[in-house]
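Novice: Here it is: the structure, laid out below.
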């Protein structure tokens, strides 16, 4: 439904007295979002997320590359054809962007007015939308009288008014508290489910990706560096940045005292500290006690956590393996042979 | 005070109101679109035309920089061409209008500046044309600010119209100068000042009320 092919966006800023300075906000980004799916793009601020999502409806015109939405090459459309195709692409924003001088009803009616629809058709469309987002009783209030979550609901209703096939969400929950965030995400999931609308969202929150996305892309410095199923991304991110996002999200980092004692290379009388990631069957297998029995190593668990990511279960553990170097090597092989990801964080000197 | 005097004061008050109304109305009619043009033709704006923007901006600045008392005298030939005379309230309304147009334009531009760029972006994402954005987003959202600007304009016009009295423009300023100053009649001087004060208070209160009504923030 949405396809970006080698999209680049370069900004030129000229400083007095120096040559023009080029900023590469997007570099050869390619992305495919199939119909009816929810695709998340996650990245740090300044990574190019906003530019990416604005290239889809051409709020930003790509410097090169092509943007295809619903089999239409957006970059080649005339101004009026572009405006018509924008009616089929809804968008919501971090700061809602509701008109302060219009009531809730009139805000939702705006896209229909722009399309030149008649008053009674507008009415017939707006009322059910307000019911869907749970704000039918607020129709005659002004945005200033609403809470953040309610404003975003109005914005969602407004974005859906023109019956779009695609919904773009620009950090839609970043200005909301955690509870409101989850209720807005639930609404977006319902919309995707009931209306079959394809959703592309950008965020810096793993929670958003975890709770509603089917697929996720990781953007870093204008490049899409990773693209995977959400389950895969949460169990085995392929890039360092992906792992950082995941560790931040799971808050599974070794205790500070341990980090200070960690040595990069094994020495005499040291033991490896490992981070184990396991999913699927491995979660329900008593691997640690088997490990102890079969490889004759002792395992000291420093931290452990089990998370469920959509239909998958993800286990994480930071542990110290106690034994001779041969035994601990063997133990790691044993774990890897059981589909666990083993990452050696470092080595610690035994005190005793 | 003689009834003739009272009639004179009444007539002068009506003359002032007439000049303020005419110049306020026409300057809004011209200044509002000019202010919108100044805003939308800026670089990166919805109808970006940097060169046109520069030209409009320079013309507006020239209009803003000429002292009113000089403008009044300088455009006498133009005034005569337009209304056939250079004295009286119709003649005074011409320089008043010309002085107020760039004033209104800059205040409208300032009011538009206060609108969050996100609102324009949202409208663009909905497929709004530039004209739809102006009519349905920019002007309604800036209504409070525009009202404030027009109130300031009207109040300024009241005091400018008094200045027009200096060159035979008619109205309260004319009355104050001829009877109060030249004939040394402090009562007339006081009365004209009091009427002007009341008039300004009235316009300001009316303006504030309209701003409150149109602002939903």
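Novice: Would you mind calculating the relative contact order of chain A from Cα pairs under 8 angstrom and at least 6 residues apart, reporting the percent as a whole number?
Specialist: Once divided by the residue count of chain A, the mean separation gives 17 percent.
Novice: Taking only Cα atoms, what is the 0 to 90° angle, nearest 10, from helix A:119-132's long axis to the longest principal axis of chain A?
Specialist: 20 degrees
Novice: Another question about this same structure. Any idea how far the Cα center of the stretch B:103-153 sits from the one of the stretch A:289-352, in Å?
Specialist: Their Cα centres are 62 Å away from one another.
Novice: Using a 10 Å cut-off around each Cβ of peptide A:83-91, what is the average number of partner chain Cβ atoms that fall inside? Write down the numbers at each step before the final one.
Specialist: Numbers: counts 6, 1, 1, 5, 2, 1, 3, 2, 5.
For peptide A:83-91, the averaged partner shielding equals 3.
Novice: Moving on to the next point. Give the relative contact order (percent, whole number) for the stretch A:1-155; include only Cα pairs under 8 Å separated by 6+ residues. Don't jump to the answer; show the numbers that get you there.
Specialist: On the way: 189 pairs, mean separation 31.0, N = 155.
For the stretch A:1-155, the relative contact order is 20 percent.
Novice: Now, a different point. May I ask you to order A:185-195, A:311-321, B:118-128 by the average number of other C-beta atoms within 10 Å around their residues, highest value first?
Specialist: Details: A:185-195: 16.0, A:311-321: 18.9, B:118-128: 22.5.
Final packing ranking: B:118-128, A:311-321, A:185-195.
Novice: Additional query: Give me the tail of P(r) for the stretch A:252-349 as a percent: Cα-Cα pairs with distance above 20 Å.
Specialist: Roughly 34 percent, once rounded to a whole number.
Novice: To continue, here is another question. Please determine, in degrees from 0 to 90 and to the nearest 10, the orientation of helix B:89-113 with respect to the longest principal axis defined by the Cα atoms of chain B, where the helix direction is its Cα long axis.
Specialist: With both axes taken from Cα atoms, the answer is about 30 degrees.
Novice: Taking Cα centroids, how far is the stretch B:185-202 from the stretch B:1-69 in Å?
Specialist: First find each Cα centre; the distance between them is then 24 Å.
Novice: I've got another one for you. Restricting to DSSP H runs of at least four residues, report the calculated mean residue ellipticity at 222 nm for the protein assembly as shown, -39500 (n - 2.57) per run over all residues, nearest 500 deg cm²/dmol. Walk me through the numbers on the way to the answer.
Specialist: Values: 23 runs with 294 residues, N = 569.
Result for the protein assembly as shown, helices only: -16500 deg cm²/dmol.
Novice: Multiply the residue gap between residue A:44 and residue A:190 by 0.36 nm, knock off their C-alpha separation, and tell me the result in nm, one decimal place.
Specialist: Stretched fully, the residue A:44-residue A:190 segment lengthens by 49.8 nm.
Novice: Sort A:26, B:10, A:322, B:32 so that the residue with the fewest other Cβ atoms within 10 Å of its own Cβ comes first and the one with the most comes last.
Specialist: Result, fewest neighbours first: B:10, A:322, B:32, A:26.
Novice: When you take every Cα atom in chain A, what is the radius of gyration, and what is Dmax, the widest Cα pair distance, in Å?
Specialist: Radius of gyration, then largest Cα-Cα span, for chain A: 25.0, 83 Å.
Novice: Rounded to the nearest Å, what's the spacing between the alpha carbon centres of the stretch A:231-279 and the stretch A:76-123? Just the number, please.
Specialist: 47 Å
Novice: Taking chain A as the reference, fit the longest principal axis to its C-alpha atoms, fit the long axis of helix A:148-160 to the helix C-alpha atoms, and give the angle between the two in degrees, 0 to 90, nearest 10.
Specialist: Rounded to the nearest ten degrees, it is 60.
Novice: Please compute the average number of Cβ atoms from other chains found within 10 Å of each residue's Cβ in peptide B:123-136.
Specialist: Mean inter-chain Cβ contacts per residue within 10 Å come to 6.
Novice: Relative contact order for the stretch A:278-348: what percent, with Cα pairs under 8 Å and sequence separation of 6 or more?
Specialist: 35 percent
Novice: Scale the Cα Rg of the stretch B:3-214 by the rule-of-thumb value 2.2 N^0.38 Å and send over the ratio, two decimals.
Specialist: 1.17
Novice: For a protection proxy built on the mean count of beta-carbon atoms within 10 angstrom, sort A:331-337, A:204-210, A:261-267 highest first, please.
Specialist: Highest mean packing first, the order is A:204-210, A:331-337, A:261-267.
Novice: With 10 angstrom as the radius, rank A:106, A:227 by how many other C-beta atoms surround their C-beta, starting from the fewest.
Specialist: Numbers: A:106 19, A:227 16.
Result, fewest neighbours first: A:227, A:106.
All of the numbers you see were taken from the coordinates with simple rules; none came from a lab. Please read all numbers here as calculations on a predicted model, not as lab measurements. Here Cβ is always computed from backbone atoms with ideal geometry, including for glycine, and neighbour counts include all displayed protein chains.
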